[in-house]
Amino acid sequence: MYDNFISINMNLDDGLKIINTNKFINNILLYKPDSVNYLVKDYWATLKETLSKLSGDCEDYAIAKYFTLINLGISSTDLALLYCKYLSMHHIVLAYFGCEYSNPVILDNSTDIISSIRDRKDLVPIFYFDDTNIFTISDNGAHKILGSSLRLKNWKGVMERHGQD
């Protein structure tokens, strides 16, 4: 099923890859908290682990979308995981920066609708990270590097296990 999705979507433009990936991952996965899926409080799964269970929580959806888009040829430099507040809870979504660095679009497990971060009044960004750095966004829109994303223990674990898959 996953390999078929990749082959069907490989030659589409980036916009369709993003829309289709968000819908595909949202529709094939069942939301399950880590306490049910892995019997621990917090576990960040690789794409392979998530696909094997066909379930996960918000960061598992975001990570699955991240690696799926990379598999479809989207540059990792255009993608970041956004840690934010959503309805008074902590939440992780995938941000696609593409050509508009200051206004990424959001791929969220709570909706199939792709919208810009400016239009998502329900999300309050705290920080975001990619495969190398952690960034913060100031009130004036400036992006500041806080350090290596490998300082995030769970992200480091995903990157190491992904390399072994």
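Any read-out appearing in this document is the output of simple, stated calculations on the displayed coordinates, not a laboratory observation. Since we're looking at a predicted model, the values are computed, not measured. Cβ placement follows ideal geometry from the backbone for every residue including glycine, while neighbour counts extend to all protein chains displayed.
Within the straight-line cut-off of under 22 Å between alpha carbons, the lysines reachable from Lys17 are Lys48, Lys65, sequence neighbours fewer than 8 places apart in one chain being disregarded.
Leu150: net charge of surrounding residues, Cβ under 10 Å, Lys/Arg +1, Asp/Glu -1, itself excluded? The partial results should precede the final answer.
Numbers: positive: Arg151, Lys153, Lys156; negative: Asp131, Glu160.
It works out to a net charge of +1.
Shown here for the stretch 8-115: GluC sites (Glu not before Pro) in loop regions (DSSP other than H, G, I, E, B) with at most 13 other Cβ atoms within 10 Å, namely Glu100.
Helix-only estimate, please: 222 nm mean residue ellipticity of the chain, summing -39500 (n - 2.57) across DSSP H runs of length 4 or more and dividing by its residues, to the nearest 500.
Computed mean residue ellipticity for the chain: -10500 deg cm²/dmol.
Counting neighbouring Cβ atoms within 10 Å and putting the fewest first, the residues Leu12, Leu29 line up as Leu12, Leu29. Positive end of the charge dipole of the stretch 2-164 (Lys, Arg +1 and Asp, Glu -1 on Cβ, about the Cα centre): tell me which of Gly147, Ile106, Tyr38 has its Cα farthest that way. Of the options given, the answer is Tyr38. Taking label positions 7 Å along the Cα-Cβ direction at both His143 and Ser75, the computed distance is 1.1 nm, reported to one decimal.
Would you work out the relative contact order for the stretch 2-164, in percent, from Cα pairs under 8 angstrom that are 6 or more residues apart?
19
For the chain, a crude dipole built from +1 on the beta carbon of Lys and Arg and -1 on the beta carbon of Asp and Glu, taken about the Cα centre, is about 340 debye to the nearest 20. Backbone phi angles across the stretch 115-127, fed through the Karplus curve with coefficients 6.51, -1.76 and 1.60 (θ = phi - 60°), yield HN-Hα couplings of 9, 6, 4, 5, 7, 8, 5, 7, 9, 10, x, 10, 7 Hz in residue order; Gly and Pro are listed as x. Under 5 Å between amide hydrogens, built in the peptide plane, is the criterion, and for Asn103 it picks out nothing among residues at least 5 positions away or on other chains.
Mind listing which trypsin sites (Lys or Arg not before Pro) in the stretch 74-123 are in a DSSP loop and have 12 or fewer other Cβ atoms within 10 Å? Walk me through the intermediate numbers first.
Numbers: sites: Lys85, Arg118, Arg120, Lys121; in loops: Arg120, Lys121.
For trypsin sites (Lys or Arg not before Pro) across the stretch 74-123 that sit outside H, G, I, E and B with at most 12 neighbouring Cβ atoms in 10 Å, the list reads Lys121.
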